[in-house]
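So the structure is just underneath, and the comments pick up after that.
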Amino acid sequence: MSGIAKTPSPPYYAVIFSSARTDGDHGYDAMASRMIELAAQQKGFLGIESAREGVGITVSYWASEDAIRNWKQNAEHLEAQRLGHKVWYSEFKVRIAKVERAYGI
């Protein structure tokens, strides 16, 4: 997960996950790596970008809202969500947006 995601021409969707972590790893890094690996196998997954300095921001890109809903219900992802609520995050917010325009070099 390095660099800028190579997404197709819009429209597509972005799931923006902003978070504040609790102290300590408690298995977070291993689970985060597994979630990226697992998400990449999901139908409709387009890419991911992530950064953390204080607040962490991860943006995953998806072909459709159905693809996002399916990912949210993935059994391993549900367990990661449960642990996130209980162990890893002191605060988080999920935002879902439709990308209508995109440009860059």
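If we count other beta carbons within 10 Å of each Cβ, what is the order of Y61, Y12, fewest first?
Details: Y61 22, Y12 19.
Listed from fewest to most nearby Cβ atoms, that is Y12, Y61.
Can you run phi through the Karplus equation (6.51, -1.76, 1.60; θ = phi - 60°) for region 64-70 and list ³J(HN,Hα) in whole Hz, with x for Gly and Pro?
7, 5, 4, 4, 5, 4, 5
For the residue pair L83 and Y103, what label-to-label distance in nm results when each label sits 7 Å from Cα along the Cα-to-beta-carbon direction?
4.2 nm
What angle, in degrees between 0 and 90 and rounded to the nearest 10, separates the Cα long axis of helix 28-39 from the longest principal axis of the Cα atoms of the chain?
30 degrees
List the residues whose amide H sits under 5 Å from the amide H of Y89, counting only those 5 or more places along or on another chain, with H placed 1.01 Å from N in the peptide plane.
So Y89 has HN proximity to T22.
Could you give each residue of region 85-98 its phi-based ³J(HN,Hα) in whole Hz, using Karplus coefficients 6.51, -1.76, 1.60 with θ = phi - 60°, and x for Gly or Pro?
5, 8, 10, 8, 10, 8, 6, 7, 8, 10, 10, 10, 9, 8
In 10 Å bins starting at 0, how do the alpha-carbon pair distances of the chain split up by percent?
Whole-percent P(r) values from 0 Å outward: 14, 48, 31, 6, 0.
Report, by chain and number, residues whose modeled amide H sits under 5 Å from the one on G27, excluding near sequence neighbours (fewer than 5 apart, same chain).
Under 5 Å from the amide H of G27: no residue qualifies.
Which residues' amide hydrogens lie under 5 Å from the amide hydrogen of S64, considering only partners 5 or more residues apart or on another chain, with H built in the peptide plane?
Amide H neighbours of S64: Y13.
Using 7 Å Cα-to-Cβ label points, what is the D29/A63 separation (nm, one decimal)?
Computed distance between label sites D29 and A63 equals 3.4 nm.
Hey, rough spin-label estimate for V94 and K72, points 7 angstrom out along Cα→Cβ, what's it come to in nanometres?
Once both label points are built, they end up 0.5 nm from each other.
All of the numbers you see were taken from the coordinates with simple rules; none came from a lab. Small disclaimer: the values here were computed from a predicted structure and weren't measured. Virtual Cβ from ideal backbone geometry, glycine too; neighbours counted across all protein chains shown.
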